[in-house]
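Working notes for the structure below.
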Amino acid sequence: MNTVTVKINGVEYNLKGKENEKYLLAVAEYVDGKFREISANNSKLSTTAVAVLSALNIADEYFKCELDNEDLVKRKNSLEEKCVALKERLKEVKVESEEYNKIKNNEVDNLKNIICSMEDKIKDVDNLYSTIDTLHKELEETKQKLQAEKEELQNNFAIQKEELKQNFNHEKENLTESFDKEVEELKKALDEKEQKVNLLNLKNEELQKSETYLKDSIILKEKEIEECKYNSDEVKRLKSRINSIENEKDVLKKNNKELKFKLQNSRYKLLDLEKKLNDANFSLAIEKKIKNPLLR
């Protein structure tokens, strides 16, 4: 317990209390100030009247502080409720944002898979074009070889025919029997050559059919290429959609940052109000000590 001697309205008192001497002196000075203020305003009042009026003024200040404290408590409770609501809303927004991001990421993955599939089909078409070009070259080479063989056979046949005519004219008179045999042999050889020519003609027809089939295949592949071009336009549209989804994600991130910033501002305001409340409680405690001092 601390004991100090204080002077109030010119009268000394021994003031005893648990608080330190500085606090007790401050309380006494505050009460003495109230006495002097009321006495200065009306010098005709008695000491008892001055004491009563001072007590009434101090009580008035105390009740006003109580009302202010209640208002601050209500405001604090309201802000705490708003803060809790904002926290709950922030959690909901985070959950919604995560779900939205999952959905958009799945869509992006699907679109990327579609694009990869389209690219593979384009590669297959390019390979098919390369194969068609190779077959064209092989077909041209085969036609050239067949044409060369045909011309060679015709030349050989003409040469052999001319040789046979010369031999026939030279030996016509003396070698009738042998000529007949040779004629038969030549007919056989001619038949064989004609069969070979027929076979070559059949091969030529087959090659022409193959060429026709290849041309039809080329037409079909050109149609497929046109479809692939259309698909490439679809790929562009899908890429544009991916960019749009990325932009939506950026907007969601920006909104999330704004919500975090608003929540932080609310926290700062709440801390400021708590500080004001603590200051008001401290002032109220001082007023209570002034109202109920321990005097000896």
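The values are calculated or read from the model by the stated rules, or taken from the named source; none is laboratory data. Just so it is clear, the model here is predicted, and its values are computed rather than measured. As a convention, Cβ positions derive from the backbone with ideal geometry for all residues, glycine included, and neighbour counts pool all protein chains shown.
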**Prompt:** Inside region 1-24, can you point out the residues that are surrounded by fewer than 15 Cβ atoms within 10 Å (Cβ to Cβ) and free of Cβ contacts under 8 Å to residues at least 40 places away in the same chain?
**Reply:** M1, N2, T5, K7, G10, V11, E12, K18, N20, E21, K22
**Prompt:** If you scan region 275-289, which residues turn out to be farther than 16 Å from E70 by Cβ and in contact (Cβ under 8 Å) with a residue 24 or more places away in the chain?
**Reply:** I286, K289
**Asked** Could you give every pair whose Cβ atoms fall below 7 Å, whose first residue belongs to region 236-253 and is touching a residue at least 60 places away in the same chain (Cβ under 8 Å) and farther than 27 Å from E119 by Cα, and whose second residue is of a type in the set (G, A, S) and in a helix (DSSP H, G or I), counting only separations of at least 6 or pairs across chains?
**Response** L252/S97
**Request:** Select, from N57, N106, the only residue that is in a helix (DSSP H, G or I) and within 30 Å of L252 (Cβ to Cβ).
**Result:** N106
**Asked** Is region 65-88 home to any residue that is more than 30 Å from S283 (Cβ to Cβ) and in contact with a helix residue (DSSP H, G or I) (Cβ under 8 Å, 6 or more places away or on another chain)?
**Response** yes
**Prompt:** Name the residues in region 224-262 that are of a type outside the set (K, R), over 18 Å from the mean Cα position of the chain (by Cα) and either at pLDDT below 75 or not in a helix (DSSP H, G or I) (or both), would you?
**Reply:** E224, I225, E226, E227, C228, Y230, N231, S232, D233, E234, V235
**Message:** Let me confirm something: among F35, F63, which residue is within 60 Å of the chain's Cα centre (by Cα), in a helix (DSSP H, G or I) and over 20 Å from L273 (Cα atoms)?
**Reply:** F63
**Request:** With the condition kept exactly as written, say whether any residue in region 79-92 is farther than 30 Å from E274 by Cα and either of a type outside the set (D, E, K, R) or outside any loop (DSSP other than H, G, I, E, B) (or both).
**Result:** no
**Request:** Residue by residue through region 56-75, note down the ones that are free of Cβ contacts under 8 Å to residues at least 40 places away in the same chain and surrounded by 13 or more Cβ atoms within 10 Å (Cβ to Cβ).
**Result:** N57
**Prompt:** Of the residues K137, K104, K91, K121, which is out of contact with any strand residue (DSSP E or B) (no Cβ under 6 Å at 6 or more places or on another chain), free of Cβ contacts under 8 Å to residues at least 24 places away in the same chain and farther than 30 Å from N265 by Cα?
**Reply:** K137
